[in-house]
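These notes concern the structure reproduced below.
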Amino acid sequence: MRKWMPLVAIGLGTFMLLIDVTIVNVALPDIASDLRTGLGDLQWVIDIYALALAALLLGVGSLADRFGRKRVYLIGMVLFALSSLGCALATSSATLIAARAVQGIGGAAMFATTIALINTAYTGKDRGIAFGIWGAINGAAAAAGPILGGLLAEAFGWPSIFVINIPISVLTFVLAMRVLKDTRDPSAKLDPAGVVTFTIAAAAVTYGLIRAAEDGWTETAPVVAWLVGAIALVAFVLVERARKYPMLDLALFKRPAFTGLMLGAILLQAGAFSAMAFTSLWVQSVLGLGPIGAGAVFLPLSILSLIFSVLTGRFLHDRVAPGTVIGIGIALVAAGGALQALVGAGSSWAVLLPGLSVMGIGVGMAMPTLSSAATAAVPRERSGMAGGAVTTFRQLGYVLGIAVLGAVFAGRVEAVVRGSGSVDDPSRVADLVSGGQAQVVVQSAPPSARAAVEDLVHQAFANGLRTIYLVAAAVALVGAVATLVLTRLRGEAPAEPPAWAAEKPEPVPVGEQ
């Protein structure tokens, strides 16, 4: 049992940081009510955490290699715990968003070190078992987020979804101090220019999409943001191509299989999970379910994804090409999204169950296969980079998916409200409805008009949901086709291994340098 304590220390941290990607979804209506905020700020509460993970993961990994993996893991845990306290104590949306950003930085520091820490702690058969358990923890965290969030939010209020991180962090910190070994790679090279340009590009595009939903697609703020994002993306490409030790070796994209898997990672995450926040707003603010009920709605996705991830690993891993398994899985995600689009103004939450069930099967097939397929699609010396890229692109897909779907959703809700001609201030009503405050709209209407306003709320929300479910399905379908096609093509490999591949020494225990 003692030999597995390092895995416990790593697994607890991994579970905690990953569950915080989705745990806030079921608490959004309560957050909106308590902090008096709208859809744009709610999107940032979700997006800023995933954005920090996506933007910093590869760069922080190099930092950990240079200065010590255990040291960076522990520093990240302290940041995560302190920022979780900041989230719980937030009295405004700006404070909550800022604390979530710091939380994401801490999460990136923790997650970027986990693979190296497992490699250091285990060898041979034990290493394979450890990675299998770690992969299961990854899947369980994504599945458990809405359920645990619902239980905590309903029993103790929304701040409790952040408070719970503090005792877990303390326990994990003490355990990690005792059982983890610290190693570093003196030759590891940092890429601050790559980190900065990638972060600016991702943040600017996300900001532009969220502002477009609030201000309009042709207004100055979103257009300028997209221009900044495009310039930063070009700068990132130039920086990475010029560097001897890049954060992300762009030559990997000469391999169609790798490109297809990265597209699959982005579009799978966007198609499967980005609509969950808006679904949670609907079942709570319109249908009247509590946080526990909202979390339970997602049980089919959670349970079936876990079951099929195990079945896929056991029965398909060595029998079917990984690209085929992933492509079929993403296609099922698209089918699940299309089934959810059957929602209507008079629907109950049960209309979502068939679509969520099919989606859960698809997620279970595709998600655990992505990382192993990506590392197998590149030379061995770049497998770590490929694995980190999968996580980065998945989180980026989640960030951009929420931003895009949020803009589409807000636009459809306002179009229905404005087209009804039955309210005096359609913009304000639409903002309240899309921001999870549907009951405020209903209760503020005159008694004689309350039934008509409630019907309008149901129509507007259902129309918005139907549209984003179809968009998510289309996104996932593109990802399925791209993965199936590109993973079958042979592409140009880099002419020679990068310099860092030949120069990388064995890890050195901290303190021996």
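The values are calculated or read from the model by the stated rules, or taken from the named source; none is laboratory data. For clarity, every value in this text was computed on a predicted model and none was experimentally measured. Using ideal geometry, Cβ is built from the backbone for each residue, glycine included, and neighbour counts are taken over all protein chains shown. Please note that ligands, DNA and RNA were not included when accessible areas were found on the heavy atoms of the full protein model with its side chains. Shrake-Rupley method; radii C 1.70, N 1.55, O 1.52, S 1.80 Å.
Please verify whether ALA376 is hydrophobic (A, V, I, L, M, F, W, C), modelled with pLDDT under 80 and within 22 Å of ALA202 (Cα to Cα), treating the condition exactly as stated. The answer is no for ALA376. For the condition farther than 30 Å from PHE258 by Cβ and under 20 Å from the mean Cα position of the chain (by Cα), PHE461 does not qualify. Can you confirm whether SER448 is at pLDDT below 85 and part of a helix (DSSP H, G or I)? For SER448, the condition - at pLDDT below 85 and part of a helix (DSSP H, G or I) - is met. Scanning segment 64-85 for residues that are touching a residue at least 60 places away in the same chain (Cβ under 8 Å) and open to solvent by 10 Å² or more (accessible area, probe 1.4 Å) yields ASP65, ARG66, PHE67, ARG69, LYS70, ARG71, LEU74, VAL78, ALA81, LEU85. Of the residues making up segment 197-219, those that are farther than 21 Å from ALA101 by Cα and either modelled with pLDDT of 85 or more or buried (at least 20 other Cβ atoms within 10 Å of the Cβ) (or both) are ALA212, ALA213.
Checking each residue in segment 8-40 for being assigned to a helix (DSSP H, G or I), more than 20 Å from the chain's Cα centre (by Cα) and surrounded by fewer than 22 Cβ atoms within 10 Å (Cβ to Cβ) picks out VAL8, ASP30, SER33, ASP34, LEU35.
Check segment 64-80 and report whether any residue there is among the acidic types (Asp, Glu), in contact with an Asp or Glu (Cβ under 9 Å, 6 or more places away or on another chain) and assigned to a helix (DSSP H, G or I).
Yes.
Considering (1) among the hydrophobic types (A, V, I, L, M, F, W, C); (2) open to solvent by less than 10 Å² (accessible area, probe 1.4 Å); (3) assigned to a helix (DSSP H, G or I); (4) at pLDDT 85 or above, the lone condition that VAL404 does not fulfil carries the number (2). In the list ALA99, ALA55, which residue meets the criterion of being among the hydrophobic types (A, V, I, L, M, F, W, C) and either at pLDDT below 95 or at positive phi (or both)? It is ALA55. In segment 200-215, the residues that are within 13 Å of VAL408 (Cβ to Cβ) form Cβ pairs under 9 Å with partners that are hydroxyl-bearing (Ser, Thr, Tyr) and surrounded by fewer than 22 Cβ atoms within 10 Å (Cβ to Cβ), at six or more places apart or across chains, as follows: ALA212/THR218.
When you scan segment 386-397, do you find a residue that is over 15 Å from the mean Cα position of the chain (by Cα) and at pLDDT below 90, even just one?
Looking for residues that are over 15 Å from the mean Cα position of the chain (by Cα) and at pLDDT below 90, one finds at least one in segment 386-397, hence yes.
Checking the structure you have, find out if any residue of segment 423-439 is at positive phi and either touching a strand residue (DSSP E or B) at 6+ places or on another chain (Cβ under 7 Å) or open to solvent by less than 40 Å² (accessible area, probe 1.4 Å) (or both). Yes: segment 423-439 contains one or more residues that are at positive phi and either touching a strand residue (DSSP E or B) at 6+ places or on another chain (Cβ under 7 Å) or open to solvent by less than 40 Å² (accessible area, probe 1.4 Å) (or both). Residues that are open to solvent by 60 Å² or more (accessible area, probe 1.4 Å) and under 27 Å from VAL297 (Cα atoms) number at least 3 in the following helices (runs of 4 or more DSSP H) confined to segment 111-183: 124-156. Looking at segment 186-193, is at least one residue in contact with a strand residue (DSSP E or B) (Cβ under 7 Å, 6 or more places away or on another chain) and either farther than 19 Å from ALA386 by Cα or not acidic (Asp, Glu) (or both)? Yes, segment 186-193 contains at least one residue that is in contact with a strand residue (DSSP E or B) (Cβ under 7 Å, 6 or more places away or on another chain) and either farther than 19 Å from ALA386 by Cα or not acidic (Asp, Glu) (or both).
Only residues that are part of a helix (DSSP H, G or I) and open to solvent by 40 Å² or more (accessible area, probe 1.4 Å) were counted in segment 220-249, giving 14.
State whether the residues of segment 217-239 include one that is out of contact with any helix residue (DSSP H, G or I) (no Cβ under 8 Å at 6 or more places or on another chain), among the small types (Gly, Ala, Ser) and over 23 Å from VAL404 (Cα atoms). There is no residue in segment 217-239 that is out of contact with any helix residue (DSSP H, G or I) (no Cβ under 8 Å at 6 or more places or on another chain), among the small types (Gly, Ala, Ser) and over 23 Å from VAL404 (Cα atoms).
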